[in-house]
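Here is the structure we will look at, set down as structure tokens.
Values quoted throughout were computed directly from the atomic coordinates according to the rules given, and no laboratory measurement underlies them. Nothing here was measured: the structure is a model prediction, and the numbers come from that model. Neighbour counts run over all protein chains shown; Cβ positions are idealised from the backbone, glycine included.
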Amino acid sequence: MSRTLQLVGLAVIGVACVLPIEARAAMALCERLHAGEVAEDKSELVAKQRALESWLVQARKYGEQYTRWGIAWNRQLDCARTDTGSFRCKAVGRPCAVRQVPVDGAIRLKRGTSE
């Protein structure tokens, strides 16, 4: 490789490193709070699964990308034992989707708040 070609290559790399690069962080876009139907079963695990499935049905109305319970905002999965010994569970949370580009009018949510 000639010396001139090496210098030109280094110059191109140097210019590329100096040019400003627009960076955008991914953000969660969340919808309004949804509650699934109350699910009851003798098994706490089954009751939890059914409660989550009910919540997912609600979240899916916004699109498949909103069906990730793990990124739902202010999510809660509460269960209680009934007098008959079965478990009643309910899933509540704001379905969210990850976006690379923020949408106009998006409201930033703060951790620990319900809004």
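Short-range pairs are left out: with C-alpha atoms under 8 Å and at least six residues apart, the relative contact order of the range 24-99 is 46 percent. Annotation for Ala26 and Ser2: the two label points, set 7 Å from Cα along the Cα-Cβ direction, are 4.6 nm apart.
Contour minus end-to-end for Leu45 and Gln100, with contour as 0.36 nm per residue of separation and end-to-end as the Cα-Cα distance?
Numbers: separation 55, 0.36 × 55 = 19.80 nm, distance 3.47 nm.
Residue separation times 0.36 nm, minus the Cα-Cα distance, leaves 16.3 nm.
Starting from the Cα-Cα distance between Val38 and Asp83, subtract it from 0.36 nm times their residue separation and give me the gain in nm to one decimal.
Details: separation 45, 0.36 × 45 = 16.20 nm, distance 1.59 nm.
Full-extension gain reported as 14.6 nm.
Normalising the Debye intensity of the range 24-99 to I(0), with uniform scatterers on Cα atoms only, and taking log10 at q = 0.20, 0.22 Å⁻¹ returns -0.75, -0.85.
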